[in-house]
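The values are calculated or read from the model by the stated rules, or taken from the named source; none is laboratory data. Only a predicted model underlies this, so the values are computations on that prediction, with no experimental measurement involved. Glycine gets a Cβ as well: all are built from the backbone with ideal geometry, and neighbour counts include every protein chain shown. In case anyone asks, the SASA skips ligands and DNA or RNA and just uses the protein heavy atoms, side chains included. Shrake-Rupley method; radii C 1.70, N 1.55, O 1.52, S 1.80 Å.
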Amino acid sequence: MEKKYGNFTIIVKEDYDNASAVAADVITKFVKTNPAGVLGLATGSTPEGTYSKLAEANHAGKVDFSNITTFNLDEYHPISKTNDQSYDYFMRQKLFNHININPSNVHLPNGEADPHAECVAYEAKIEDAGGICLQLLGIGANGHIGFNEPDTHFPKKTHYCALDKSTIIANSRFFESADDVPKNALTMGIGTIFNAKEILLVVTGEGKADIIDKALFGKIDPQVPASILQLHPKVTLVMDKAAAAKISPKL
């Protein structure tokens, strides 16, 4: 299913694998059209399938990342790049080590740097690159995008933040226990994300059905950070049927 809803192009596929294929195709088409473009990337379990398919396409000669620049949304703090739970490590293992991207064009927040100085420097790097052309996003069960947690306002720029208890619990599946999950992070702000020319939001699994319904059909509220995307001029939302269970009848 593909439908327009406001400024959203909504694509619903049968399952995770097919949704990942569509997301990878959107990125592949972008790179072919903008071979020196700026991609914003995300971590977590949702984009793993997308990254795997992008690596396959690169190996098959269908897409060339050699002149692409990337900026990741976020990173835990404090954490070293060599820690196998860092997002730097994740991105190398899941994507960067498997495509022909120039390492000097890859950017992630530094989880070992002074957090406040790093946020200013990271925001400046994004601005110097001309901003994000296409930003890949997932959504947390509490509505966060990047590590912009539910709040009383929409943070504008890259910032140092405390992680919500629900996020720590959700991410504890990747650690030995919830106590091992870093309690803080560096993240692009809502304003930085919103400034991307185009957004690709990928949502899969029945556990995200409630929150994507709130984000898409609820009021625009910083308590549901992803709800701000209702105002963005160009969002492609790719879901599997499980995630789309509550919104499909409304489309």
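List of remarks:
- Test: PRO109 is within 22 Å of PRO222 (Cβ to Cβ), in a loop (DSSP other than H, G, I, E, B) and open to solvent by less than 20 Å² (accessible area, probe 1.4 Å): yes
- Residue among LYS165, LYS183 that alone is without any contact (Cβ under 8 Å) to a residue 24 or more places away in the chain and closer than 18 Å to CYS119 by Cβ: LYS183
- Contacts under 6 angstrom Cβ, first residue in region 193-212 being among the hydroxyl-bearing types (Ser, Thr, Tyr), partner open to solvent by 40 Å² or more (accessible area, probe 1.4 Å), 6 or more apart: THR204/TYR16
- Residue count, region 26-77 (criterion: part of a helix (DSSP H, G or I) and under 12 Å from ILE132 (Cβ atoms)): 1
- Listed by position, the strands (runs of 3 or more DSSP E) contained in region 135-251 that have at least 3 residues being open to solvent by less than 40 Å² (accessible area, probe 1.4 Å) and either among the hydrophobic types (A, V, I, L, M, F, W, C) or within 29 Å of ASP88 (Cβ to Cβ) (or both) are 184-187, 198-203, 235-240.
- So THR9, is it at pLDDT 95 or above, over 17 Å from GLU56 (Cβ atoms) and surrounded by fewer than 13 Cβ atoms within 10 Å (Cβ to Cβ): no
- Within region 92-106, restricting attention to residues that are closer than 14 Å to ASP64 by Cα and in contact (Cβ under 8 Å) with a residue 40 or more places away in the chain, the residue that is farthest from the chain's Cα centre (by Cα) is ASN100.
- Condition met for GLY44 (under 15 Å from the mean Cα position of the chain (by Cα), surrounded by 14 or more Cβ atoms within 10 Å (Cβ to Cβ) and modelled with pLDDT under 95): yes
- The set of residues in region 90-104 being aromatic (Phe, Trp, Tyr) and either closer than 18 Å to ILE132 by Cβ or surrounded by fewer than 16 Cβ atoms within 10 Å (Cβ to Cβ) (or both) consists of PHE96 alone.
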